[in-house]
1. Cβ-Cβ distance below 6 Å, separation of 6 or more or different chains: which pairs start in the stretch 34-49 with a residue that is closer than 16 Å to residue 23 by Cβ and free of Cβ contacts under 8 Å to residues at least 60 places away in the same chain and end on one that is aliphatic (A, V, I, L, M) and assigned to a helix (DSSP H, G or I)?
2. Could you identify the single residue in 23, 98 that is outside any helix (DSSP H, G or I), exposed (fewer than 10 other Cβ atoms within 10 Å of the Cβ) and at pLDDT 90 or above?
3. Against the definition (acidic (Asp, Glu) and not in a loop (DSSP other than H, G, I, E, B)), how does residue 34 come out, yes or no?
Amino acid sequence: MVPAELAVELIWSPLRGEWRRLTLQLPEGSTVVEALRASQWFNEADLQALKAGIWSKLRPLDTPLRDGDRVEVYRPLTVDPKEARRQRYQATGRRIVTRHRPLGKKA
């Protein structure tokens, strides 16, 4: 009997504007940390300090994977998002408006 395998996609951006993508075949029951090890992108000593998620949701490294999962490795923020917004406003003088709900009438 052939052991079941999972197809998992691993995404990482080591630098701004640079993306790495890797498709891994892992044994069933593998965890996030095992996917990170299989990629050989990270030192063993650095693994516990990494922040990773599955489909944009932060997850512990011991989270079991399912077939078709996308594991994402997150870089630490270099600037607080609120501070970056203030700096952009000071530089341009224009307010940055974001909309978190669809345009149209309020529900």
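The values are calculated or read from the model by the stated rules, or taken from the named source; none is laboratory data. It should be emphasised that the depicted structure is a prediction, and the values quoted were computed from it without experimental measurement. As a convention, Cβ positions derive from the backbone with ideal geometry for all residues, glycine included, and neighbour counts pool all protein chains shown.
1. Sorted first by the residue in the stretch 34-49, then by its partner, the pairs are 36/47.
2. 23
3. Yes: the conditions hold for residue 34.
Here's the yes/no breakdown for (1) of a type in the set (Val, Ile, Thr); (2) at positive phi:
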residue: 5; (1), (2): no, no
residue: 10; (1), (2): no, no
residue: 25; (1), (2): no, no
residue: 40; (1), (2): no, yes
residue: 47; (1), (2): no, no
residue: 51; (1), (2): no, no
residue: 54; (1), (2): yes, no
residue: 64; (1), (2): no, no
residue: 67; (1), (2): no, no
